[in-house]
Amino acid sequence: MHSFLRLSPFRAISFDLDDTLYNNKPIIAAAEVQLLRWLQQQYPATAAWSQGDWRNLKLQVLSQQPQLIHDTSATRQAVLHRGLKRLGYDDTVAHQGAIDGLNYFYRQRSDFKVSAAVLTLLRELAEYWPLVGITNGNVDEQAIGLDGVFSFVLHPGNGVRMKPFPDLFMMAAEKLDVTPAELLHVGDHPDTDVKGARMAGCQTIWLNPGYGQTARKLPGALLPHCSIASLAQLRPLLLIQHSLC
């Protein structure tokens, strides 16, 4: 645990989800494999494409429709639709296939549970502060066990930009009826979480390395208020902070 800036009193805590409350990397990797298999079963012409082909198409789609970068679900649906058409399926079939494929991927990437230890920690913290989620991803927070733990979870899309843009942090502060400075954000990424929260005027705690990971990230342009090596370190850090308020 390292302290870089003095924490001021705060009234709410926001958490990043992916790689902060669980290790998202193997979950996404497995979901991508399952989606590829599903596509090949439902749309046999897709057997001609590898994951690399789909990744290249994604880059093409985002270069032509840069607004999609702030909506992972809309991006995936657009890529699936474009890919199915390119592989010879008509627009109606490609449209429905893109919807079904997105829904299938959404279920697969949300097919896990947040650990009991993390849920216990969150519930302890929720006795003192309202907790919310702020994520750039599209995980189903209810399916993974966060229903009832967070007051709400915010996702980008529909004109709301991803972190590190300030949109989600400002929305969270407004919904919580606190100032940005009274919102403490916990996340693993030095840019999207630490820099994003600091630029929005929030306080930050940096989880480094990310949940279930060993590789430490290099700091970004702005330092967090504190850094921790595991979520368990939040308990003494924040409860001591509460006792001082």
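Assorted remarks:
- Checklist (1) of a type in the set (D, E, K, R); (2) under 24 Å from the mean Cα position of the chain (by Cα); (3) farther than 24 Å from Pro164 by Cβ; (4) surrounded by 14 or more Cβ atoms within 10 Å (Cβ to Cβ) applied to Lys85, failing item: (2)
- Of the residues screened, Ser243 is one that is modelled with pLDDT under 95 and hydroxyl-bearing (Ser, Thr, Tyr).
- Identity of the residue in segment 138-161, at negative phi and modelled with pLDDT under 95, that ends up least open to solvent (accessible area, probe 1.4 Å): Asn138
Residues checked against (1) closer than 21 Å to Asn23 by Cβ; (2) surrounded by 13 or more Cβ atoms within 10 Å (Cβ to Cβ):
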residue: Asp193; (1), (2): yes, yes
residue: Arg198; (1), (2): no, yes
residue: Gln203; (1), (2): no, yes
residue: Asn208; (1), (2): yes, yes
residue: Leu218; (1), (2): yes, no
residue: Pro224; (1), (2): yes, yes
residue: Ile228; (1), (2): yes, yes
residue: Ala232; (1), (2): yes, no
residue: Leu237; (1), (2): no, yes
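- Helices (runs of 4 or more DSSP H) contained entirely in segment 1-93, each with at least 3 residues that are hydroxyl-bearing (Ser, Thr, Tyr): 72-86
- Filtered residue count, segment 48-69, keeping only those that are open to solvent by 60 Å² or more (accessible area, probe 1.4 Å) and β-branched (Val, Ile, Thr): 1
- Residue within segment 104-114 that is among the aliphatic types (A, V, I, L, M), open to solvent by less than 60 Å² (accessible area, probe 1.4 Å) and in contact (Cβ under 8 Å) with a residue 12 or more places away in the chain present: yes
The values are calculated or read from the model by the stated rules, or taken from the named source; none is laboratory data. As the structure is a computational prediction, the values presented were derived from the model and not from experiment. Counting neighbours? That spans all protein chains shown, and the Cβs are built from the backbone with ideal geometry, glycine included. Ligands, DNA and RNA are stripped out before the accessible areas are found, and what is left, the full protein with its side chains, is counted by its heavy atoms. Shrake-Rupley method; radii C 1.70, N 1.55, O 1.52, S 1.80 Å.
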